[in-house]
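In what follows, a single structure is set out as C-alpha cells and then discussed.
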Amino acid sequence: MKGLTPFLSLALLTGLLTMNACSSKKETTEQKASIEKTAYGQLAGGQTADLYTLRNESGMTAQITNYGGIIVGLTAPDKDGKFEDVTLGQDSLSAYVKNNPYFGALIGRYGNRIAKGKFTLDGKTYNLVTNNMGNHLHGGTVGFDKVLWTATPIEGDEPALKLTYTSKDGEEGYPGNLNVTVTYTLQKDNALKIDYEATTDKPTVVNLTNHTYFNLTGGAKRDVLDHVVTLNADRFIPVDKTLIPTGKLQPVANTPFDFTQPTVIGKRINDSTDTQIKYGGGYDHGWVLNGSGDSLKLAATVYEPTSGRVMEVRTTEPAIQFYTGNFLDGSVTGREGFPYKKRYALCLETEHYPDSPNQSSFPTTTLRPGETYKTTTIYQFSTRKE
Ligand code: GLA
C-alpha cells in the first residue's frame, strides 16, 4: 500500500472484499446438483411417505413425494433470475390425502375418461369403478395418484427419482398385473423430464400422465387468463356434456380452440355461443398433436408476460389435454394459505385420446403381455423479455 493515501487503500480493500463476496455468492447460486430425502408424513396404513428434493446446478428445484408421485413444488426463474414455484400444491401430506384435485399427481391406469366405466377387450367386457358423472376418470377412486410408490433416488448432474408401482390384476376393475415405472429427471437445461414405462401379464389398457397445475406468475398470484398459449394442433377432440369424446375430430380453425398462434387464454374462454366451451366450462379438451409417430415433438408453449416465464412441453404422446382449472372453486387452500380459485392454473396433460378403449378410430391404448408401454414428456422452462 506504500504510496497510496489511506483513503485509496481503504477503497481498494473494500473493492477486493466486494469481489470476494461476489465470487462466493456465485459459488452459492451455482451449487452442485443434488437429491435429498426427508420424511414427509405417515399414511393411515402406517407407511411413511418421503419427500425428495431434486436440485440442478442453476438452482431449479423439484420436490416430489412417493405418495401419488406428486410434484409438491417446482421452481423456475423469472426474467430477473428469481426462482418461484410455478405449480399449485398443498402444504402437507395430510392435505393431499384429504382432498387433492390431482395437483402434481401421476395419473393411471387410465388418464382421463372411459365412458360408463366399461370397455371390451378380446371379447371380454370389463367394468371399472365409476367416479365422474357415471364415467371412469383418472384411474378410479384409488388411482395411481393415491398409492404409495417405491422410490429410488439417482444422483448425478441431472438428478432423478425412479418410482415403481405394481397395480394388481382387478384393481379398480382393470385386467392384468401392471408393473409401472415413472422416472422424473431434473435436467441441466431447466427441464423436468418424465419417462413412463409399463408391462402387463394380461391384455389391458394403459394411458399414463401427470396432472400438474401450472401458474407461471410464480406462487399462483392470480388466475391464468392472461397466460399466452400456443398448441401445435390443427384438430381437437369434441366431447358430449359428460366430457366423453363424440368420436369425431374437429378442425380448430375458426373456433375458440385455435391456439395454433400464440393466444391469450382469456380471449375466448367465456364464449358462451360455443357448445364445446359450455360443456367444458372453459377449456377441458384433448388436442390432437400435429406430426405423426411417437417421436418427441413440441406440443405446447406457455408464456406469462409479467414474469417473462416460458414453458415448453414436448412429448411422444399423440394428444394433450388442456384444462384451465374450471373446477377449482376456492375450497382447496394452497401452500401460501390462500384459496385456489377457478382458473388459477392450467394443466397440460400429455396422453392418448380419452375413451380410446371404446373408440376404434382412436390410436390404441391396449397393452399386451410381451410389449412395453413407453412414453416421455418434458416440461422446459426459460424466459423471454418483451
Ligand atoms: C382433467 C379432466 C377434468 C377434471 C380434472 C380434475 O383435466 O379432464 O375434467 O376432471 O382432470 O379436476
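The values are calculated or read from the model by the stated rules, or taken from the named source; none is laboratory data. None of these values were measured; they are calculated from a predicted model. With ideal geometry, Cβ positions are generated from the backbone for all residues, glycine too; neighbour counts draw on all protein chains shown.
Miscellaneous remarks
- Odd one out for G280 among (1) small (G, A, S); (2) in contact with a strand residue (DSSP E or B) (Cβ under 6 Å, 6 or more places away or on another chain); (3) under 22 Å from E351 (Cα atoms); (4) within 16 Å of the ligand (Cβ to nearest atom): (2)
- The residue of segment 286-299 that is surrounded by the most Cβ atoms within 10 Å (Cβ to Cβ), among those that are modelled with pLDDT of 95 or more and more than 14 Å from the ligand (Cβ to nearest atom), is A299.
- Taking the listed residues T130, T185, the one that is at pLDDT 95 or above, among the β-branched types (V, I, T) and more than 16 Å from the ligand (Cβ to nearest atom) is T185, with no other qualifying.
Quick grid of which residues meet (1) in contact with a Lys or Arg (Cβ under 7 Å, 6 or more places away or on another chain); (2) modelled with pLDDT of 95 or more:
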{"residue": "G3", "(1), (2)": "no, no"}
{"residue": "L12", "(1), (2)": "no, no"}
{"residue": "L16", "(1), (2)": "no, no"}
{"residue": "T29", "(1), (2)": "no, no"}
{"residue": "T38", "(1), (2)": "no, yes"}
{"residue": "G46", "(1), (2)": "no, yes"}
{"residue": "L54", "(1), (2)": "no, yes"}
{"residue": "T61", "(1), (2)": "yes, yes"}
{"residue": "G68", "(1), (2)": "yes, yes"}
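- Within segment 311-360, being near the ligand (Cβ under 10 Å from one of its atoms) and either free of Cβ contacts under 8 Å to residues at least 40 places away in the same chain or assigned to a loop (DSSP other than H, G, I, E, B) (or both) holds for T324, G325, N326, F327, L328, P354.
- As for segment 349-363, it holds no residue that is hydroxyl-bearing (S, T, Y), in contact with a Cys (Cβ under 6 Å, 6 or more places away or on another chain) and crowded, with 17+ Cβ neighbours inside 10 Å.
- Test: P251 is more than 16 Å from the ligand (Cβ to nearest atom) and more than 30 Å from L367 (Cα to Cα): no
- Segments classed as strands (runs of 3 or more DSSP E), wholly inside segment 173-231, with at least 1 members that are among the charged types (D, E, K, R): 191-200
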